[in-house]
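Below is one structure; the comments refer to it alone.
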Amino acid sequence: MDNVPPRDGSAQGTGEGAQLSNGGSSSRKRPLEEGNNGHSKFRPKKRKKTPGPVLPKNALMQLNEIKPGLQYKLLSQTGPVHAPIFVMAVEVNGQMFEGSGPTKKKAKLHAAEKALRSFVQFPNASEAHLAMGRTLSVNTDFTSDQADFPDTLFNGFETPVPSDASFYLGSNGDGSFGSSREYGLSSAAVASSLNQLPLPAPLPYPTASGKNPVMILNELRPGLKYEFLSESGESHAKNFVMAVAVDGQTFEGSGRNKKLAKARAAQSALASLFNMQLDQTPSRQPIPSEGLQLHLPQVLADAVARLVVDKFSDLTENFTSPHARRKVLAGIVMTTGTDVKDALVISVSTGTKCINGEYMSDRGLALNDCHAEIISRRCLLKFLYTQLELYLSNKDDQEKSIFIKSERGGFKLKENVQFHLYISTSPCGDARIFSPHEAAQEDQGDRHPNRKARGQLRTKIESGEGTIPVRSTITIQTWDGVLQGISNAEARQPGKAPNFSVNWTVGDTGLEVINATTGKDEMGRASRLCKHALYSRWMRIHAKLSSSLRLKIFKPNLYHETKQGATEYQTAKECLFKAFLKAGLGAWVEKPIEQDQFSLSV
């Protein structure tokens, strides 16, 4: 009996080995810890869970994201013990929805499905069926009245567009785009204006799981040869260009190595010839298109994106320039009517970083924020100033300007003139962090969309990327408060994004390259988009306006005075800031007052 261990699992004796009942011995790597119930403090490391494929959200999850905090009530339980039937109910938008099932969970799911049917319009039937936990074959015709469907909830979601339907690219008054026969722009005209050939019939594509574009293209067109075209850039920032000829057409791709350049060339060929829409990351799974969907907002969006990317390609010598490196691309396109061919690229810009506090200028000579979308907005201001100068120059040039005089005074855009902003990724802030549409395959998405951290105003990080939530109290940065960031001894982790930002506005001869850390170019010169430069343009227009109207208009001295003179703008801005505070989203962080206390040098 001396060899039998006690029930608590601890071994008898004080040695490192304990005698077993069969006469054998077992040695421990560590002595048992006293005062810990005889158990060692050592714990084996937990295995890292390998993330599996992202599962589609069911109706219960979808409804909870749209209407958080819903309460489900048990109405009744009937049936025998071995086969109960539960009835659950939920109130949404003042209406009760009931669902039944063999378990409470399934009953809640059915109630959520009914609630979703009442107000959710899914973008397409595939997503709707995924949300409802159903899977359908790829070739299912959602518009057919099949008797084997449990209901006809999704039949109207994917209506085929008649071949003779007419479209126009114009406003409906609510900012949306629609279709009309009165403009006479057929679907074929839209397709041709977008340089799109009629798409081929769906082919039996190979399974794309785990295959990159090169592999997929090789299965469709075996024996293709890729040609190395050029190599540029410094040793730490190389750029390679590869090309491949498919069906008599040549497709090029660029990247930091030849493998990536080949993948992008193959990706371009797949998109153009086989209508396979791949993710920007070539390694991700391609999605065969279901056909040309002439849904006008999507058509317009695709056209705007392609125009901006093509212009950036022209400006960077087909992406071979060292300044073609970028993480985010933005641009603004102007349309003046129903024909996409008349669209004009107004601006192109890249960048993801902000200025270092050490280099901030109190004369408006440095760019504080070099994020691509912010730079494109400044390019638009520059373009608008050019158009105002054109209108005020002489009567012959007035017709060329996009402005006309407004009945309320001042100027307004001509009819049908619209501007469209393109950004290659979601802008900084909540839209970027919790974007449900840009979750990578290995990501699990946002599991907690209703937490207080969601929907907060965020401020950009000095001399770096990303954003952090703002405080709920009114905050105005002070000059020393901004500059103190440079004394932080902890080195920042350099990201993969380049430290420069480029900009181009229609009329410019080429790209301007700005060091995002200093807010100026590499020679230390002020940007053509800096506050000082734009203020100079505004003052020239102010002087022309005074002389043309023969009025004595107050001439402001400081930039701050000029900004405050725009009373309608200031009122709207204050209302917006108050709305943020009232909604609990945080307080808008205003820049240091000293930054606007400058005048133009004579």
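The values are calculated or read from the model by the stated rules, or taken from the named source; none is laboratory data. Owing to the predicted nature of the structure, the values given are computational and were not obtained by experimental measurement. Ideal geometry is used to build each Cβ from the backbone, glycine not excepted, and the neighbour counts take in all protein chains shown.
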Item to check | Residue, modelled with the highest pLDDT, within segment 46-63, restricted to residues that are more than 15 Å from LYS114 (Cβ to Cβ) and surrounded by 12 or more Cβ atoms within 10 Å (Cβ to Cβ) | outcome: MET61
Item to check | From the options PRO222, PRO204, PRO213, residue that is modelled with pLDDT under 50 and either under 21 Å from SER272 (Cβ atoms) or touching an Asp or Glu at 6+ places or on another chain (Cβ under 7 Å) (or both) | outcome: PRO204
Item to check | Number of the exception - GLY519 against (1) small (Gly, Ala, Ser); (2) surrounded by 11 or more Cβ atoms within 10 Å (Cβ to Cβ); (3) more than 24 Å from ALA372 (Cα to Cα) | outcome: (3)
